[in-house]
Structures are given as structure tokens and as C-alpha cells.
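The values are calculated or read from the model by the stated rules, or taken from the named source; none is laboratory data. Small disclaimer: the values here were computed from a predicted structure and weren't measured. Ideal geometry is used to build each Cβ from the backbone, glycine not excepted, and the neighbour counts take in all protein chains shown. Accessible surface areas use protein heavy atoms only, side chains included; no ligands, DNA or RNA. Shrake-Rupley method; radii C 1.70, N 1.55, O 1.52, S 1.80 Å.
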Amino acid sequence: MVRFLNVYTITLFVALSGLLFGFDISSMSGIIGTVQYQNFYGNPLGVLQGAITSAMAAGSFVGSISASVLGDKVSRKIAIQGATILWCIGAVLQSSSNGVAMLIAGRLIAGLCIGLTSSLVPIYQSEIAPRKIRGRVVSFQQFAITAGVLIQYLIQYGCSFLESEAAFRLPWAIQTLPAIILFIGLFWFPYSPRWLAKKNRWEEVLQVLAFLRTPNSNINDPLVLAEYKEIEDQIHVELEEVSSSFRALYSPKLRKRVFLALAIQMWGQLTGINVAMYYIAYLLKAAGFGDVRVASLIQYIIGMLMTIPSILWTDHFGRRPALLIGSIAMTLWLSLIGGLLMQYGQPNPISNQPYTWLVMNRPAVSRAILAFIYLDVAFFNLCWGPLIWIYPPEIVPLRVRATSVSLAVASNWAINFALALAVPPMFRSISWRMFFIFASFNFAAFIHVLIAAPETMQRTLEEMDEVFEHGAPLWRSIRYKPATNKLDLLAHDIELSMSRSTRSAPTEISDDECLDRCSSGYC
């Protein structure tokens, strides 16, 4: 823990971007049910409300597509700082909007930030983290998302008692605070060592690795030198292969991994989680609840708390089992929700409501539906929620990492946009049938993970070629572990070499000499 204190500090801090993501989710779900919002914006229903909600996803799609270029050109860190500026502009436009058009414009601009950060922050976290805690530190992103949802909802709950436009303007304005903190704080944090290596800035690579891997920034530490050597070897191998990252995506060696990264992100949206996150007010009212604020609050608390076990255990339990268990569990919960609505629901007698099917005067059924909603949210945040950020950045090599992850996140936002736009009309047209559709998507995700996704736990980023090309069969991959990790072997060899050098000539190795040794392949 002490050895990686700097890594934990940095990855926790950059996870502030997840707060922005969570603020976005809750900024709609907590407001669309308020009288103040409905009166000011003309009670938007169906496609119009879908357009307002999905504007953020549309901007996020564009932002995530841009992430690969910006992340490789100006660095992950600086691109994230630029994204926070866009967020502040979008939040100002939303909080000062004079109508639906300006509100949509603000959400589009803020979405550019979410697209950039949702692509680049997991990459940055993955690239600075050692293999033993990589899953844990990238899971901070999902925890921050759920914490942002909860914090924003609490702010909105308090503001909902204001008898003015401040009920929705104040929560939107407060969204700028974490963005400002993130922008300023990143000036004190390092660049990704793997991005520095890609830019041939080797002296900085060694210094950053020493800062991240040792409490006293010791560049002579065997593990630091071993990781430096492993990154250097991987860069040299990649330079000999396809030069264009876009062309490399379609090479026989990588296209399977790139498609898997895209699929994991798409399945994450098709689980149906955003039906509960964006439109929980509609869902609970259709289930027969009058005041939905407390029930919504409990859902957000469950979502945040259930990410904690994933943070603690994802590097011990594994990626593959969590994805498989989560898919099957969510298939069950969504099927039960749809079945209860089908069996005990009836047409809504009030025509101008956002939902046309509801449960009336059946409190036991309403409570059962609520319980299954909570279970669905719990299993998503325990299993799929963190892993859609962990898995895509770690399965692709450095030369295509930013491009591949940006495309994967773009696929997430494309599905997010389509669902945010389509779900309000679906509530009015197919009602309970929608839940069976999402249950089917979860079962399809289970099948895909079962036949295509290997276990990547406890492997370095530079070892993923071996995992996908020479690893154990998929059904055995969770139990498969190499006898000894290559990085540990290399560190052991370096330690022995340094020990012999010390016995024969007890002089301290200078920084320049250490760099020369590693660059020459003598580490």
C-alpha cells in the first residue's frame, strides 16, 4: 500500500472526472419530475425529453471520437484539463438557459467533456498503475460516477423545495466545482509513463516510474528498472509493426481485441442500467409509487456502495467471472420486473403522462418491482459498472490504446444516445415489453463473454499479446496463471546483477549511467 501511495493518490484524484459523469446522469433523473422544471420548459414528454437527455450523449460521442487524437498528441493529462473547461462552459449554459434549445446546447458542450474524460481517464489510470492493483484503481472511476449521481441527487433533493427556477439552476451551476478542482490539481501530477515512452522521452519515463513505484522516487529500484525495460522492449516491437494506429486496428493480430473492447462498452449500455439511472422517476411512478424521491435516493446509495466490493476484490476474483455473473443476474431481475408489470399492470387512465402502463393499488407488487430494480442496480455496479472501464484499456497495446478505447467509448455513447432518445417513447409505446428486450441483451452479453473474453487479471499491459495469442483456453483462463510474472523475473535478474556489481565495486550508480544501461539493454 505504501509503495503505491502515489498511484492511489493520483488515480483517486483524476476520478473526479467520474463525478462529472455522475452529475450528468443525476442532473436529469432528479429534475425531470419536479414541477419547477416542467413548468419552465413546458412539460417536455416523449421525444422532446429524450432529445434533452440524449444531448449529453451526443456530445460525449463526439468527445470520445476526438479523445484518441488529443490523447496521443497533447497527452492524456492535458486533454483531460481541456475537457474540464468544456464542462464549465456547458454547465454555465445549462444553469442560465432560457429555453429547451439553450439547455440542449449546454448539454452538448458538457457532453464533449464527458466523452473525452470517459475515454482518457481509464487509459491514464491503467498506464500509471502496476498490474497488481490496476483493476482496483480503474474501479475508482465507477465509484466516482455513482458518488456523483448520489451527490447531485442530494443537492437536487434539497433544491427541489425551492419555489423558483433555482430548483434546477442551482444544481446545474454547482457542477462546475469538481471540474475546476480537477483542472487545477492536474498541474501537479505526472504524464503517463507510456505516453512519454511513445514520445521518446525516456529520461522522464524513468523518473515518473520511480515516482509511481517507490516511496522515495528511487530510479535504481529493480522493479522500476524492470518495468522501464519492459516498456522499452514493447515500444521497439511496436515500432517495427504497422505504423498507423488506425490501420493497426484492422490487423489480424488486433481486430479481435478491438472488437471485444467495443463490445464490452456496448453491452454495458445495453444492460439497461440507464433506464433506472436516467428515468427512475418514470419507472417508479409506473410501478405505483407516488413520491419517488426517497426510493430514488436509496437506489443511488445502493449503486455507490456496491462498487466498493469491486474495488477491493476485482484484482483477486477476476474480470471474466464478474461479467458472466452480472449478465445472468441482470437477465433475471429485468425479466422479473417486466413480468410483474405485464401481469399486474394496466393502461394509464391519464393520457398526458410519460408512461402509459402502471400498477395501481397493489403495494406488494410495487415493493417487489422496487426490490428487483435495486438488485439490478446492485449487480451492475458490482460487476459490469467498473469492468467496462477496466477491460478495454488493458487488452490493447500502447500504439492503438487511445484510438481503440476512444472508439469503444464512442460505441458506448452511441448506444447511450439512442437509448436516452428512445426510452421515453418506449415507456409510452411498448411499456413492460422494454424490460424483456434489455433482459435479452444481457443474456446475449453472457454468451459473448463466455466465448470471447479471456481473463486479464494480474497481467501487465505489455503481456496482453501473450494472453490473447498464447494464453490458456477461455474456459480455463480464470484458473490460468503464469508460473512467474515476466516483470518479477526481470526485476530479480536486475537485483542480482546490481548486487554483484555492488560487491565487486561498491560505487553508487548515477542516474545517467542507469539510463544508459537500460537504453543499451543491459538492465
For this session: Working carefully through the options ARG201, ARG257, find the one that is in contact with a helix residue (DSSP H, G or I) (Cβ under 7 Å, 6 or more places away or on another chain) and farther than 30 Å from ALA55 by Cβ.
Result: ARG257
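Each row is one residue, and each column tells you yes or no for (1) among the aliphatic types (A, V, I, L, M); (2) under 27 Å from LEU312 (Cα atoms).
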| site | (1), (2) |
| --- | --- |
| PRO424 | no, no |
| ILE430 | yes, no |
| MET434 | yes, no |
| PHE441 | no, no |
| GLU455 | no, yes |
| GLN458 | no, yes |
For this session: Go through region 117-143 and give me each residue that's open to solvent by less than 10 Å² (accessible area, probe 1.4 Å) and not polar (S, T, N, Q).
Result: LEU120, VAL121, PRO122, ILE123, TYR124, GLU127, ILE128, ALA129, ARG134, GLY135, VAL137, VAL138
Exercise. Among the candidates ILE369, ILE388, which residue alone is modelled with pLDDT of 90 or more and in contact with a strand residue (DSSP E or B) (Cβ under 8 Å, 6 or more places away or on another chain)?
Worked result: ILE369
Exercise. Mind checking which pairs have a first residue in region 220-248 that is open to solvent by 50 Å² or more (accessible area, probe 1.4 Å) and a second that is of a type outside the set (Ser, Thr, Tyr) and at pLDDT 80 or above, Cβ under 7 Å, 6 or more apart or different chains?
Worked result: LEU223/ARG213
Exercise. Any idea which of (1) touching a residue at least 24 places away in the same chain (Cβ under 8 Å); (2) open to solvent by 20 Å² or more (accessible area, probe 1.4 Å) is the one ASN39 doesn't satisfy?
Worked result: (1)
For this session: Report, by residue number, each residue of region 26-64 that is among the hydroxyl-bearing types (Ser, Thr, Tyr) and out of contact with any Gly (no Cβ under 9 Å at 6 or more places or on another chain).
Result: SER27, SER29, THR34, TYR37, THR53, SER54
For this session: Please report, ordered by residue number, the helices (runs of 4 or more DSSP H) entirely within region 332-445 with at least 1 residues that are of a type in the set (D, E, K, R) and open to solvent by 40 Å² or more (accessible area, probe 1.4 Å).
Result: 363-379, 398-429
Seminar exercise, completed: By residue number, the members of region 59-107 that are of a type in the set (D, E, K, R) and under 17 Å from LEU20 (Cα atoms) are LYS77, ARG107
Problem set entry | Criterion: touching a residue at least 40 places away in the same chain (Cβ under 8 Å), open to solvent by 10 Å² or more (accessible area, probe 1.4 Å), in a helix (DSSP H, G or I) and under 19 Å from SER54 (Cβ atoms) - qualifying residue of LEU103, LEU108, LEU70 | LEU108
Seminar exercise, completed: Those residues of region 171-186 which are open to solvent by 70 Å² or more (accessible area, probe 1.4 Å) and closer than 16 Å to ASP24 by Cβ amount to LEU177
Exercise. Are any residues in region 67-116 within 15 Å of ALA57 (Cα to Cα), at pLDDT 95 or above and among the β-branched types (Val, Ile, Thr), and if so, which ones?
Worked result: ILE109
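In this structure, does ASN274 turn out to be touching a residue at least 40 places away in the same chain (Cβ under 8 Å), of a type outside the set (D, E, K, R) and assigned to a helix (DSSP H, G or I)?
Working: touching a residue at least 40 places away in the same chain (Cβ under 8 Å): yes; of a type outside the set (D, E, K, R): yes; assigned to a helix (DSSP H, G or I): yes.
Taking the combined requirement at face value, the residue satisfies it.
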Problem set entry | Filter result for LEU206 (more than 30 Å from ILE31 (Cβ to Cβ), among the aliphatic types (A, V, I, L, M) and open to solvent by 10 Å² or more (accessible area, probe 1.4 Å)) | no
Problem set entry | Members of region 83-92 that are buried (at least 19 other Cβ atoms within 10 Å of the Cβ) and free of Cβ contacts under 8 Å to residues at least 40 places away in the same chain | LEU86, GLY90
